[in-house]
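Remarks on the structure that follows.
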Amino acid sequence: MIETPITRLTDDQDIKEPHDMALFLLLSLEVSELIALFFVLKELGSALIDRDRAICEKNELLEKCCHEVKDKAEAQKELSQACKDIQTIREERDVARKERTEAIIQRDQLLREYYQTRQKQDSTTLDMERANKEIEVLRKQYEAMSQELKEATQEAEVAKCRRDWAFQERDKIVAERESIRTLCDNLRRERDRAVSDLADALRNLDDTRKQKNDASRELKELKERIEDQLEKEASFRQLMAHNSHDSAIDTDSLEWETEVVQFEKNREDMDLKALGFDVAEGINEPYLPGDCGIFVSKVDRGGIAEGRLRVNDWLLKINNVDLTNKDRKQVLKAVLSGEGVINMVVRRRKSLGGRLITPIEINLTGYKASGIGLECGVFVAGVTPGSPATKEGSLTVGDRLIALHCSKSFCESLSVSYIRHWSKPI
């Protein structure tokens, strides 16, 4: 029995107080866990010892198997030798039989001669005794040969039993060899599978590295594009500060006008795409710096909204829903919630001083720059041939830019608002 602090506590003194009882329970739990851990470790050690013993027994069996194979070979040699000895004994037995037959014949002849010449010749008695002696010798030889034949038969039976046992042991060894061969085949298949998995992993690693390099290259190009855009915006702000007088004149020449635009809702799932226009993100991503209003960012040609809405229009309300500090999702929800007629309160700037504000959208997909050359930061000095601005076809030399905005992620589309005097051709 293992002596623990709990047993000593119960033997030395009685448990009377509640806190003593709690201490006793806590100690009993810890000691029980230690005892369980001790027995687990003991069982683990015994399991390791059993494994080592099993390995030793396997090695001993293999050695025994080798010895048995050797014994089997020796037994086969002894069996072949015994067969040869039996054949020799059989030949000798046949010879002895022939000799015995001849001796019997001779004995009969001697007996006949003895009876015929007993009275005639006294010398026949000696011949008779000699013949009897020879017969006794032959009988003893026969008995000896019979005993040797019996012993040879017994040895042949023992050799046969040994041969059968050797055949059984050989069958067991063959079965074990087949099981080992099957295990080796399984191990080879698992190795081939692991090698194929490793090759697939290496190919995936190469593909990942290629994707990483492509993403790094694209990120680098995007950073360069953003830095160029930031430099252009900085120069634009600096030049706008130098031309504040002209900007004040232009601002004074513009004023706001408000208009109510109505759309008939033909079906319940009619959204902005069905109406033929789209809006900016609003408060989540301001369309204009410092302005969180909902502005029209795109009007589809041939759509329902063409001729009713313009790019840069400011949406104030949709069906009495105020769009102040709202985002694009709330605008879409207001459009879908309308029934029959969708009323939109739109606010836009109008020209009073002989100038016209024109919004355009330039697609920059596949290009690093828009192709617009600026002079003094705000005036178009030139348009690069083959550039996105040339393909759009609206900007000409002398136009003054009012606003720039990247309407999509990674500047795939550039929204531009510019002023052109009426004296210039449109």
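Scanning segment 369-394 for residues that are modelled with pLDDT under 75, in a loop (DSSP other than H, G, I, E, B) and either touching an Asp or Glu at 6+ places or on another chain (Cβ under 8 Å) or not small (Gly, Ala, Ser) (or both) yields a total of 2. Among the residues here, Glu151 qualifies as part of a helix (DSSP H, G or I), open to solvent by 70 Å² or more (accessible area, probe 1.4 Å) and either out of contact with any Lys or Arg (no Cβ under 9 Å at 6 or more places or on another chain) or closer than 30 Å to Glu68 by Cβ (or both). Scanning segment 126-137 finds no residues that are under 30 Å from Lys64 (Cα atoms), in contact (Cβ under 8 Å) with a residue 12 or more places away in the chain and of a type outside the set (Ser, Thr, Tyr).
In segment 296-320, the residue that is nearest to Val260 (Cα to Cα) out of those that are surrounded by fewer than 18 Cβ atoms within 10 Å (Cβ to Cβ) and among the hydrophobic types (A, V, I, L, M, F, W, C) is Leu316.
Identify, please: which residue in segment 337-368 is assigned to a loop (DSSP other than H, G, I, E, B) and open to solvent by 70 Å² or more (accessible area, probe 1.4 Å) and is, among those, modelled with the lowest pLDDT? Taking the candidates together, the pick is Leu352.
Residues of segment 64-88 that are surrounded by fewer than 16 Cβ atoms within 10 Å (Cβ to Cβ), closer than 22 Å to Ala144 by Cα and β-branched (Val, Ile, Thr): Thr88 alone. Only a single item in (1) open to solvent by less than 70 Å² (accessible area, probe 1.4 Å); (2) in contact with a Lys or Arg (Cβ under 9 Å, 6 or more places away or on another chain) is not met by Trp165, and it is number (1).
Evaluate segment 121-131: report whether one residue or more is surrounded by fewer than 10 Cβ atoms within 10 Å (Cβ to Cβ) and more than 30 Å from Lys58 (Cα to Cα). So far as segment 121-131 goes, yes, one or more of its residues are surrounded by fewer than 10 Cβ atoms within 10 Å (Cβ to Cβ) and more than 30 Å from Lys58 (Cα to Cα).
Looking only at segment 395-412, filter to residues that are among the charged types (D, E, K, R) and either open to solvent by 30 Å² or more (accessible area, probe 1.4 Å) or modelled with pLDDT under 70 (or both); which one of those is nearest to Glu281 (Cα to Cα)? Among residues in segment 395-412 that are among the charged types (D, E, K, R) and either open to solvent by 30 Å² or more (accessible area, probe 1.4 Å) or modelled with pLDDT under 70 (or both), the one nearest to Glu281 (Cα to Cα) is Lys408.
Here Val261 meets the list (1) of a type outside the set (Gly, Ala, Ser); (2) at pLDDT 85 or above; (3) more than 30 Å from Lys317 (Cβ to Cβ) almost entirely, failing just condition (3). Among residues of segment 321-336 being open to solvent by less than 80 Å² (accessible area, probe 1.4 Å) and free of Cβ contacts under 8 Å to residues at least 24 places away in the same chain, the one that is nearest to the chain's Cα centre (by Cα) is Ala334.
The values are calculated or read from the model by the stated rules, or taken from the named source; none is laboratory data. For clarity, every value in this text was computed on a predicted model and none was experimentally measured. Cβ coordinates were reconstructed from backbone atoms using ideal geometry, including for glycine residues, and neighbour counts include every protein chain displayed. The area values use the complete protein model at the heavy-atom level, side chains included, leaving out ligands, DNA and RNA. Shrake-Rupley method; radii C 1.70, N 1.55, O 1.52, S 1.80 Å.
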